[in-house]
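One structure below.
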Amino acid sequence: MEEMKPFILNRRQFFFLSGIFGIHLLLNKSRIALAKTEKEETMTYQTKDYNRLLGMEGFSEPLLKNHFTLYQGYVTNTNKLMDALNQMLKDGKTGTPEFAELKRRFGWEFNGMRLHEYYFENLGGKGGISKNGKLYQKLTESFGSYEAWEKDFKATGTMRGIGWVVLYQDITNGKLINFWINEHDVGHPAGGMPILIMDVFEHAFMIDYGLKRADYIEAFFKNINWTEVEKRLLLHKG
């Protein structure tokens with residue numbers, strides 16, 4: 001008889017499976033009916049169409065389509081969790097462990113949805129940042145020069161680990177700061193407005209670039225939609 005080999009999960013597989021099975025088990029245990037007909041179901045959040053990005057230089061169609069599918073999963077789970085939590089509130093089950101776990105999970109799914117929307121929407125541009133624009137001016141004020149900001153942003157993106165690199169604007173004084181966000185729902189600065197989002201989870205680049213994350217970052221910079229990014233600035237902050 002062959003000796004059975006131990007079943008070992010890596011970190012990514014553990015979080016994926018624990019999230020999927022955790023939500024499934026908790027919802028079943030609570031006996032919350034999430035299955036609805038299309039006619040009955042009113043989705044709070046709708047999946048956005050980013051097919052305009054197909055054909056973007058440096059991003060293959062399989063990479064983008066896989067990424068779109070992953071994003072769609074976050075939208076679906078965000079809606080399911082909102083429905084479940086609202087039902088538990090109506091049923092007086094807010095003091096239960098099930099409610100607590102679903103509430104904690106909600107931040108992961110919601111931010112997974114919203115961060116991907118920011119990411120896709122700040123892609124698809126052609127040409128570099130306008131040196132006459134407000135964003136260029138603010139980056140220079142905050143980092144000393146645009147080049148210093150770009151060096152810091154790229155260096156943050158090449159750090160070991162998975163997560164996001166986010167250029168935030170402090171809403172109290174308008175200052176721009178680069179942050180490393182390890183998980184969707186962990187590490188976001190209070191009072192920060194996301195200006196530029198770069199996904200550095202493996203799914204964002206490994207199909208095309210393997211372990212060459214720096215090459216992916218260069219492709220990302222070639223496709224930044226600077227016009228969209230500048231719209232996110234808090235222009236009233238002087």
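The values are calculated or read from the model by the stated rules, or taken from the named source; none is laboratory data. Please read all numbers here as calculations on a predicted model, not as lab measurements. Counting neighbours? That spans all protein chains shown, and the Cβs are built from the backbone with ideal geometry, glycine included.
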Problem - Residue check, Gly163 at positive phi and either touching a residue at least 24 places away in the same chain (Cβ under 8 Å) or not small (Gly, Ala, Ser) (or both) - result: yes
Exercise for the section: With the checklist (1) in contact (Cβ under 8 Å) with a residue 24 or more places away in the chain; (2) under 26 Å from Leu233 (Cβ atoms); (3) under 23 Å from the mean Cα position of the chain (by Cα); (4) assigned by TED's automatic domain parsing to the domain that holds Lys212 in hand, flag the one item Ser142 doesn't pass. Expected result: (3)
Problem - Yes/no for Leu123 being over 30 Å from Gly210 (Cα atoms) and surrounded by 12 or more Cβ atoms within 10 Å (Cβ to Cβ) - result: no
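Taking strands (runs of 3 or more DSSP E) that fall entirely within the range 139-225, which contain at least 1 residues that are surrounded by fewer than 16 Cβ atoms within 10 Å (Cβ to Cβ)?
Working: elements: 164-170, 176-181, 192-199.
Of the strands (runs of 3 or more DSSP E) lying wholly inside the range 139-225, those with at least 1 residues that are surrounded by fewer than 16 Cβ atoms within 10 Å (Cβ to Cβ) span 176-181.
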Completion exercise
Every listed condition ((1) touching a strand residue (DSSP E or B) at 6+ places or on another chain (Cβ under 7 Å); (2) closer than 18 Å to Ile129 by Cα; (3) not aliphatic (A, V, I, L, M)) holds for Lys154 save (1)
Completion exercise
When restricted to Ile181, Ile197, Ile177, the only residue over 17 Å from the mean Cα position of the chain (by Cα) and either β-branched (Val, Ile, Thr) or within 18 Å of Leu70 (Cβ to Cβ) (or both) is Ile177
Completion exercise
The condition from (1) touching a helix residue (DSSP H, G or I) at 6+ places or on another chain (Cβ under 6 Å); (2) in a helix (DSSP H, G or I); (3) hydrophobic (A, V, I, L, M, F, W, C) that Leu115 misses is numbered (1)
